[in-house]
Structure formats: structure tokens, C-alpha cells
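The values are calculated or read from the model by the stated rules, or taken from the named source; none is laboratory data. Since the model is a prediction, treat every value here as computed from it, not as a measurement. Virtual Cβ from ideal backbone geometry, glycine too; neighbours counted across all protein chains shown. Surface accessibility is based on the protein's heavy atoms, side chains included, excluding ligands, DNA and RNA. Shrake-Rupley method; radii C 1.70, N 1.55, O 1.52, S 1.80 Å.
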Amino acid sequence: MQDPRLYIRAAPGADLVPLPEHALWWPLARTLFVADVHLGKAATFRARGLPVPAGTTAANLARLSALITGLGAERLIVLGDFLHAAEAQTPALLAQLAQWRGHHAAVGMTLVRGNHDRHAGEPPPHLRIAVVDEPHVPYPGIALACCHHPQQLAGHTVLAGHVHPAVLLQGRGRDALRLPAFCHDPGLVLLPAFGDFTGAHTLGGGVSRQLYAVGGDKVWKLPAYT
């Protein structure tokens with residue numbers, strides 16, 4: 001797990017720990033935030049005739065389970081794109097989801113609708129995942145808003161996904177490395193995609209932007225650059 005001394009002060013009373021597992025952890029509220037899980041993406045591609053590897057759904061759910069159990073999370077908030085497409089709702093995937101949900105029956109779960117969720121359809125009711133529209137303010141009195149699409153909301157800091165942010169690190173000569181990243185702009189925190197089978201969009205620096213690169217099993221606060 002990431003050193004809890006490295007945190008993003010998203011709002012008064014909300015110091016969030018960026019984790020190398022591509023998640024944000026709010027210890028005070030025992031709440032875990034993830035974005036862009038895209039369960040069933042590989043199955044969707046295979047259904048459309050594209051030969052891609054199997055097993056990504058099981059791997060993503062196992063990673064999510066390890067986080068929930070290891071942190072003792074009492075609440076999970078998914079910032080959009082939980083399922084990838086309608087073809088993802090296969091009997092096999094839904095059975096995996098039901099088993100996974102059963103292992104975390106005491107955890108409250110909320111999905112903020114993303115663009116893929118609108119096409120994929122909502123998780124079946126028996127999974128007990130509340131589905132809400134953006135912006136969603138989960139804790140009255142705390143100026144945090146949960147969205148899928150990056151946006152500004154007066155008086156709040158928005159937590160969002162959708163972009164799949166990454167950062168390009170450049171060394172001497174032609175050395176370069178692109179890594180997933182968290183991005184903290186005024187009023188907005190972007191999370192890297194949680195799902196393994198996703199792309200990424202490289203972000204540049206900025207005077208008021210703080211980037212956190214995810215490399216190996218650590219999160220690194222990068223120096224400011226423009």
C-alpha cells in the first residue's frame with residue numbers, strides 16, 4: 001500500500017491517499033474510490049470478433065477485492081464505466097460479479113453513471129449497487145462531488161475518471177516512460193483507469209497542476225513543470 005503520508009487534500013476534511021493500485025482511499029470515511037473498471041471489455045471485443053486474451057474480469061475483481069479487504073473499506077464508489085458494454089453482461093460475468101459481491105456483502109457500493117454504463121445497462125438489482133447520476137455528493141458537509149466526466153462544480157472538488165490520465169517521463173537522450181497518473185487541478189482530481197485492459201491519455205504539466213505517477217508499487221509526487 002502507498003505511504004499514507006502522501007495524500008491529496010481534495011477538500012477540508014478529505015485527505016485522500018493515492019494508491020498504486022489506481023484507487024483513491026479516504027481513511028477517515030473508510031471509502032474507496034475507483035474509476036473506469038470496464039469489466040467485460042475483453043469479452044466484448046471477443047464477441048465482436050477481435051482475438052484478445054481472456055481473464056481480465058477475474059483479475060480486476062481480484063485486485064478490487066484485495067483493496068477492499070486489505071483496507072477494511074466500508075464503502076466503494078465507482079466513478080463511472082463499471083461495465084464496458086451490453087455484451088459484457090454474459091451469464092459467466094454476472095456469476096463472477098455475484099460471487100464477488102457476496103464476498104463483500106457488508107460494503108456499501110455506489111456507481112456514478114459513465115458513458116459506458118449508459119450503453120452497458122445497470123448492474124442487476126441483486127448486486128445491491130446503487131446507481132446515481134453525476135454529480136453525486138456522497139457526504140453532506142464535505143465539499144466532494146463524484147463524477148465520471150471531468151468538470152467544475154462550484155464549492156466542491158470533483159473526483160472523476162473518463163480520461164485515463166498518464167504522464168510521460170523523459171530522461172537524457174531519448175529515454176522516455178509513460179506511466180498512469182493521478183492529476184490534481186484546482187477543483188478537480190482525476191483518477192487513472194482501474195481496469196487492466198484500458199488505454200491512457202498523456203497529460204502535460206501546468207503551474208497549478210500536481211501530477212502523481214504510478215510506478216511499480218508506489219505513487220510518486222512529480223515536481224511541477226510546464
Next on the checklist: Give me the extension gain from Asn115 to Glu74: residue separation times 0.36 nm, minus the current Cα-Cα distance, reported in nm with one decimal.
Outcome noted: 12.1 nm
Checklist outcome for this item: Given the candidates Val219, His38, Pro124, the one whose Cα lies deepest towards the positive end of the charge dipole of the chain, counting +1 at each Lys or Arg C-beta and -1 at each Asp or Glu C-beta, is Val219
Checklist entry - In nm, to one decimal, how far is the modelled label at Val132 from the one at Gln99, with both set 7 Å along Cα→Cβ? => result 3.1
Checklist entry - Gain in length, Gln170 to Val207, computed as 0.36 nm per residue apart minus the alpha-carbon separation, to one decimal in nm? => result 11.4 nm
Next on the checklist: Only four residue types carry charge here, +1 at the Cβ of Lys and Arg and -1 at the Cβ of Asp and Glu. Report the dipole size of the chain about the Cα centre in Debye, rounded to the nearest 20.
Outcome noted: 320
Item to check | the chain - accessible surface per residue (Å², probe 1.4 Å) | outcome: 46
Checklist entry - By how many nm would the segment from Tyr139 to Thr90 grow when fully extended, if each residue of separation counts as 0.36 nm and the alpha-carbon distance is taken off? => result 14.2 nm
Checklist entry - In whole angstrom, and with the biggest value first, how far do the Cα coordinates of the chain range along each principal axis? => result 48, 47, 31
